[in-house]
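Okay, structure first, notes after.
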Amino acid sequence: MGKRNERNELNDGNIIARPVVGRLAPSPTGRMHIGNVYAALAAWLSARSAGGRLMLRIEDIDTPRVRPDADRWIMDDFAWLGLEWDGDPVYQSQRGDLYDQALHDLRERGLIYPCFCSRAEIRAASAPQEGDGYVIYPGTCARLDADEREARLAAGKRHSWRCRLPRRAIEFDDTIYGPQRYDLARQIGDTVLRRSDGLYAYQLAVTVDDLTMGVNDVVRGRDLLRSTALQLWIRSMLTPEDVDSVHNSGDFGQQNASSGDIAFTHLPLIDDPHGKRLAKRDRALDLGVLREEGVSAERIIGYCAWLLRLVPEPAPMTPDDVLADFSWNALRDDHADRPCDLDALRGKTR
Ligand code: GLU
């Protein structure tokens with residue numbers, strides 16, 4: 001690898017270096033919980049250890065789920081924890097023009113189509129994939145003939161916009177989970193980029209944002225590995241001039257897109273004390289409750305550093321203490337999901 005604070009990129013045959021740009025990307029749907037802090041600490045460490053910038057993006061695109069004031073609680077919690085970011089926060093809700101432009105470009109190039117299916121129709125027509133409940137769109141509206149499609153649009157029939165995914169593989173190298181390969185059509189399927197209620201989908205907003213904000217260091221939960229493949233595909237569709245990120249692969253004669261100059265670090269998930277996935281409704285682990293109980297910022301950071309395998313025991317520490325000795329090696333070696341032990345987090349002996 002080159003210098004740690006730069007990402008190398010090929011441009012006109014010359015290697016050029018770009019500074020590392022990471023992001024904190026909270027959804028303001030409620031108070032943060034310990035799993036959100038764990039991911040934020042990891043993103044902070046990744047950018048700071050590279051001497052890079054860390055942007056704050058408030059992901060408030062799903063307006064029905066946004067809680068008023070949650071953005072301010074989140075920023076207050078980040079400041080209290082010592083996870084500082086650079087520059088002004090960016091709000092997705094103010095970036096509609098960029099998403100409109102992206103959707104327009106994709107539509108002009110025939111890469112998206114209107115989908116008139118209801119959720120129930122899709123569920124009835126598809127089989128869930130890989131046991132995780134992920135539903136692959138069966139392609140019903142991709143097969144509509146052009147006249148029928150135009151007639152339904154002209155009649156004002158409610159529709160979303162889906163991107164058409166080809167039989168092509170996306171490959172990327174994850175910092176923790178190693179080489180990844182997803183077959184777009186078979187494992188992901190045609191995906192909604194604009195919902196039928198007119199809101200932009202997470203997948204489009206995040207791809208446009210990471211691209212336009214110059215983000216090249218993405219750190220988030222392993223539940224988004226599949227989304228990374230999709231986002232890389234959408235990205236390559238939005239930047240068709242980046243031909244060096246699309247190359248031919250011998251396998252199945254398919255063309256592959258690869259991650260080019262972005263680094264991806266996916267993290268094991270944190271379970272609740274009963275071994276179930278942490279959810280925002282688990283109030284016991286939310287920062288409002290922990291702060292009210294008098295649990296210190298250092299204890300929360302030290303616990304998250306332990307979840308990230310960065311320290312042998314959960315002991316109170318600051319983000320700078322964790323940074324001093326930071327490396328992903330231990331997490332790469334052991335990345336089983338971990339339960340959150342409430343007593344250990346609160347500093348009670350186990
Ligand atoms: N807003 C998302 C979340 O809070 C982050 C998704 C991402 O990192 O791309 O889970």
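Here are some conditions: (1) at pLDDT 95 or above; (2) in contact with an Asp or Glu (Cβ under 6 Å, 6 or more places away or on another chain). ASP88 meets all but one. Which one does it not meet?
Going through (1) at pLDDT 95 or above; (2) in contact with an Asp or Glu (Cβ under 6 Å, 6 or more places away or on another chain) one by one, ASP88 breaks only (2).
Is there a residue being more than 14 Å from the ligand (Cβ to nearest atom), surrounded by 14 or more Cβ atoms within 10 Å (Cβ to Cβ), under 22 Å from TRP306 (Cβ atoms) and modelled with pLDDT of 95 or more anywhere in the stretch 96-110?
No, the stretch 96-110 contains no residue that is more than 14 Å from the ligand (Cβ to nearest atom), surrounded by 14 or more Cβ atoms within 10 Å (Cβ to Cβ), under 22 Å from TRP306 (Cβ atoms) and modelled with pLDDT of 95 or more.
Please give the helices (runs of 4 or more DSSP H) falling wholly within the stretch 309-350 in which 1 or more residues are modelled with pLDDT of 95 or more and closer than 19 Å to ALA47 by Cβ.
Ranges flagged: 319-324, 329-333.
Suppose we filter the stretch 25-76 for residues that are on the phi > 0 side of the Ramachandran plot and away from the ligand (no atom under 11 Å from the Cβ); how many remain? Before you say what the answer is, go through the steps one by one.
Restricting attention to the stretch 25-76, the residues satisfying the condition of being on the phi > 0 side of the Ramachandran plot are 30, 51, 69.
Applying the additional criterion that residues be away from the ligand (no atom under 11 Å from the Cβ) yields 51, 69.
Residues that pass the stated criteria total 2.
Does any residue in the stretch 317-344 that is farther than 15 Å from ALA305 by Cβ come within less than 6 Å, Cβ to Cβ, of a residue that is among the charged types (D, E, K, R) six or more places away or on a different chain, and which pairs are these?
Taking only residues 6 or more apart or on different chains, the pairs are ASP337/ASP271; PRO339/ASP271; ASP343/ARG350.
Let's see how each residue does on (1) closer than 27 Å to ARG181 by Cα; (2) buried (at least 16 other Cβ atoms within 10 Å of the Cβ); (3) among the basic types (Lys, Arg):
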site: ALA263; (1), (2), (3): yes, yes, no
site: HIS274; (1), (2), (3): no, no, no
site: PRO312; (1), (2), (3): no, no, no
site: THR318; (1), (2), (3): no, no, no
site: ALA324; (1), (2), (3): no, no, no
site: ARG332; (1), (2), (3): yes, no, yes
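Conditions tested, residue by residue: (1) free of Cβ contacts under 8 Å to residues at least 12 places away in the same chain; (2) surrounded by 18 or more Cβ atoms within 10 Å (Cβ to Cβ); (3) out of contact with any helix residue (DSSP H, G or I) (no Cβ under 6 Å at 6 or more places or on another chain).
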site: ALA25; (1), (2), (3): no, yes, yes
site: PRO28; (1), (2), (3): no, yes, no
site: ARG67; (1), (2), (3): no, no, yes
site: PHE78; (1), (2), (3): no, yes, yes
site: ASP86; (1), (2), (3): no, no, yes
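Hand me the list of strands (runs of 3 or more DSSP E) wholly inside the stretch 145-212 holding 3 or more residues that are away from the ligand (no atom under 16 Å from the Cβ).
160-163, 169-174, 178-183
The values are calculated or read from the model by the stated rules, or taken from the named source; none is laboratory data. Source: prediction; values computed, not measured. FYI the Cβ positions are ideal-geometry reconstructions off the backbone, even for glycines, and counts take in every protein chain you see.
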